[in-house]
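These notes are about the structure you will find just below.
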Amino acid sequence: MIQIGARAHDYGKDTPDHLFQKISADGFASIQLAFKKAILGVETFRDITPSVLEEVIETKQKFHLHLAVLGVYIEPALVENEAQRKDGVAEFISSIPIAQKLGADCIGTETTRMSMQPKVTRKEALDVLYRSLWKIIPEAELYGVTVAIEPVYYHTVNTPECAAEVLKTMACQNLKIIFDPVNLLSAEELPVQNQLWERAFERFGEKIAAVHMKGAVVDEQKNMISSNFEQSLINYEFIFSCLKTLPQNFSVLREEANPLTGADDCEFLKSLIV
């Protein structure tokens, strides 16, 4: 089954009641939640108290929202600042029991932009990513929580093949993928995007834990920039034809939603899973 959802913080930073009510009213059935971006009063990890957790649990039940992704975005492949990387890994590990308590499908992160460390090779960045995952995965296994990394064409894990290699190397049922078609696509590959999607589904389709969906066009400088769904150059029909063949349950989350058009975006995505 595919559920349609949204990132909570695209609707602002608010109380769970106000935030979840708006998301539910637009027709979304699931959310991605990044506490520090979305929940009023949460500025640091220490602010996620048991009472805050209980409020989130009760409120998402009230509005019949499923938690698809607990977003804990860190820099797990940061070579040049070991202290920052270790602090991020520690925060991620501390979030694993929270993901379990909230019943999240996965706890997700990206894998560090290569531009953050221009003197570092991809191999060096991948080696450090593995060091981070070897710390994280045993804790995830202990709590029965799925960790999901998001491939992005300008990040450490940048292609379907690289993502598949990480999955193979870690050889862990608790490690999966957040699939964002736009983030995986460079402007150069736009004319052959279907081939890229085919490579992605062939290499990690059944390891997809959640999907991000947004619009994209190419600007005058040949850069990919965000757009609404109507203007977008992304072949959604092809992507969803592949998604619907997958055996697992997951959510497709509207990313970069505009609350003024959230209901329309929800209906557009729902039309693609019929």
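Per-structure values
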| read-out | value |
| --- | --- |
| Selection count, region 45-68, where residues are under 30 Å from Val166 (Cα atoms) and in contact with a helix residue (DSSP H, G or I) (Cβ under 9 Å, 6 or more places away or on another chain) | 3 |
| Inter-residue pairs, beta-carbon under 6 Å, first touching a residue at least 24 places away in the same chain (Cβ under 8 Å) and in region 82-94, second aromatic (Phe, Trp, Tyr) and in a helix (DSSP H, G or I), 6+ apart | Glu91/Phe45 |
| Extreme residue, surrounded by the fewest Cβ atoms within 10 Å (Cβ to Cβ), among residues of region 62-85 that are part of a helix (DSSP H, G or I) and within 22 Å of the chain's Cα centre (by Cα) | Gln84 |
| Subset of region 225-274 (residues that are crowded, with 20+ Cβ neighbours inside 10 Å and modelled with pLDDT under 95) | Ala257 |
| Residue count, region 88-110 (criterion: among the charged types (D, E, K, R) and buried (at least 23 other Cβ atoms within 10 Å of the Cβ)) | 1 |
| Close pairs from region 249-273: first over 19 Å from Leu67 (Cβ atoms) and in contact (Cβ under 8 Å) with a residue 40 or more places away in the chain, partner hydrophobic (A, V, I, L, M, F, W, C) and assigned to a helix (DSSP H, G or I), Cβ under 9 Å, at least 6 apart | Pro259/Ile23; Ala263/Ala25; Ile273/Phe240; Ile273/Leu243 |
| Search result, residues across region 55-91 that are in contact with a strand residue (DSSP E or B) (Cβ under 9 Å, 6 or more places away or on another chain), closer than 26 Å to Tyr130 by Cβ and of a type outside the set (A, V, I, L, M, F, W, C) | Gly71, Tyr73, Glu75, Pro76, Gly88 |
| Number of the exception - Val42 against (1) part of a loop (DSSP other than H, G, I, E, B); (2) touching a Ser or Thr at 6+ places or on another chain (Cβ under 6 Å) | (2) |
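Residue-by-condition table, conditions (1) closer than 17 Å to Tyr153 by Cβ; (2) within 20 Å of the chain's Cα centre (by Cα):
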residue: Val211; (1), (2): yes, yes
residue: Asn223; (1), (2): yes, no
residue: Glu230; (1), (2): no, no
residue: Glu237; (1), (2): no, no
residue: Gln248; (1), (2): no, yes
residue: Thr261; (1), (2): no, no
residue: Asp265; (1), (2): no, yes
residue: Leu269; (1), (2): no, yes
residue: Val274; (1), (2): no, no
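Results for (1) modelled with pLDDT of 95 or more; (2) of a type in the set (A, V, I, L, M, F, W, C); (3) in contact with a helix residue (DSSP H, G or I) (Cβ under 6 Å, 6 or more places away or on another chain), shown as yes or no for each residue.
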| residue | (1), (2), (3) |
| --- | --- |
| Ile137 | yes, yes, no |
| Ala140 | yes, yes, yes |
| Thr146 | yes, no, no |
| Glu150 | yes, no, no |
| Ala163 | yes, yes, yes |
| Lys168 | yes, no, no |
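The values are calculated or read from the model by the stated rules, or taken from the named source; none is laboratory data. A quick note: this is a predicted structure, and the numbers were derived from the prediction, not measured. Please note: Cβ atoms are built from the backbone with ideal geometry, for glycine as well, and neighbour counts cover all protein chains shown.
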